[in-house]
Amino acid sequence: MEHTRTSGLFSANRLTVTIIGVGGIGALTAITLAKMGVGYITLFDDDRVDTVNLATQFYKVSDVGKYKVEAVKSQIHEYADDVEVFASPIRVVAETSPMMVGSGVVISAVDSIVARQEIWKVISSWYGFTWYIDARMASESFQAYIVQRNQMDWYDALIEGQKDEDIPDEPCTSKATFYTAALAAAHIGNIVRKIITGEPLPKRIVQDLVSNTLLVI
């Protein structure tokens, strides 16, 4: 794939990225990063594509029944033929070897605090990653915590103190939208671009589409 139209902005071909969870945020983020020319992408998710996923996640009708990581891997190879993709249809839990998720950039795109805590137990004990992005989405809002390897004490305290019951639950019919997932993927793509170019990054980004507000901390 030719990347001349972005070569003046960044070069991502040597970057390695791991995406944990390829649902609403993760699937579109994988395609976005592949289009950006990220050279190596590893995907983790033990879930299969269901019909309920089609309206809000980047999957085709023909993907139903497939492991999500295999469906995304196939899509990446259709959209960007120069990306090396590793698909692991497993869940990352506290017992998972951190070497399995080793990458320069690790993106968590799961849907519960418990899952994020388990992932962080794996990632935080491994010295191979340089950046960790905890991406979260509701129906019309997105937020990301951006953690640098040598400055992660603040996130340690944050994730340890969070609980799923502290986050307002939304009805099943109001949990996700495709356009918010697209917004999330765009934000993550921009974060990754800044990582590549060495630009300063905030610790947190929050965008709410209902109130049209963007908070950068």
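Need the C-alpha centroid separation for the stretch 98-161 versus the stretch 27-75, integer Å.
20 Å
Looking at the chain, identify the longest residue range that excludes and avoids all GluC sites (Glu not before Pro) in DSSP loops having at most 12 other Cβ atoms within 10 Å.
Maximal segment without exposed cleavage sites: 96-217.
Please list, by residue number, everything in the stretch 31-48 whose backbone N is under 11 Å from a paramagnetic label point 7 Å out along Cα→Cβ of F86.
40-44
Ignoring any ligand, DNA or RNA, what whole percent of the accessible area of the stretch 30-87 comes from carbon and sulfur when the probe is 1.4 angstrom?
On the stretch 30-87, the fraction of accessible area on carbon and sulfur atoms equals 49 percent.
What do you get for trypsin sites (Lys or Arg not before Pro) in the stretch 18-92 restricted to DSSP loop and a cutoff of at most 12 other Cβ within 10 Å of the site's Cβ?
K60
Taking only protein heavy atoms and a 1.4 Å probe, what accessible area per residue, in Å², does the chain have with all protein chains in place?
Heavy-atom accessible area per residue stands at 50 Å².
Determine the shape class of the stretch 100-214: with a ≥ b ≥ c the square roots of the Cα gyration tensor eigenvalues, call it rounded for a/c under 1.5, and otherwise prolate if a/b is greater than b/c, oblate otherwise.
Since a/c reaches 1.5 but b/c is at least a/b, the shape of the stretch 100-214 is classed as oblate.
Return one quarter of the surface area of the convex hull spanned by the alpha-carbon atoms of the stretch 1-146, equal to its mean projected area, in nm².
About 8.8 nm², averaged over all directions.
Quick one: accessible surface of D208, probe radius 1.4 Å, all protein chains present, in square angstrom to the nearest 10.
Answer for D208: close to 50 Å² accessible.
How large is ³J(HN,Hα) for each residue in the stretch 102-115, as worked out from phi by the Karplus curve 6.51 cos²θ - 1.76 cosθ + 1.60 (θ = phi - 60°), to whole Hz, x for Gly and Pro?
After applying 6.51 cos²θ - 1.76 cosθ + 1.60, I find x, 6, x, 10, 10, 10, 9, 10, 8, 10, 8, 5, 4, 5 Hz.
Any idea what the relative contact order of the chain is, in percent, if you count C-alpha pairs under 8 Å spaced at least 6 apart?
22 percent
So what's the convex hull volume per residue for the Cα atoms of the stretch 1-72, in Å³?
93 Å³
Restrict the search to the stretch 118-213; then list the trypsin sites (Lys or Arg not before Pro) that DSSP places in a loop and that have at most 13 other Cβ atoms within 10 Å of their Cβ.
Of the trypsin sites (Lys or Arg not before Pro), the ones in loops of the stretch 118-213 whose Cβ has at most 13 other Cβ atoms within 10 Å are K163.
Relative contact order (percent) for the stretch 131-204, with alpha-carbon contacts under 8 angstrom and 6 or more residues of separation?
After rounding, I find 39 percent.
What does the highest-first list of 36-45, 122-131, 19-28 look like by mean Cβ count within 10 Å?
The peptides rank, most packed first, as 19-28, 36-45, 122-131.
The values are calculated or read from the model by the stated rules, or taken from the named source; none is laboratory data. Quick caveat, the model's predicted, so the values are computed rather than measured. When we count neighbours, we look across all protein chains shown, and the Cβ atoms used for this are built from the backbone with ideal geometry, even at glycine. These accessible areas exclude ligands, DNA and RNA; they are computed on the full protein's heavy atoms, side chains included. Shrake-Rupley method; radii C 1.70, N 1.55, O 1.52, S 1.80 Å.
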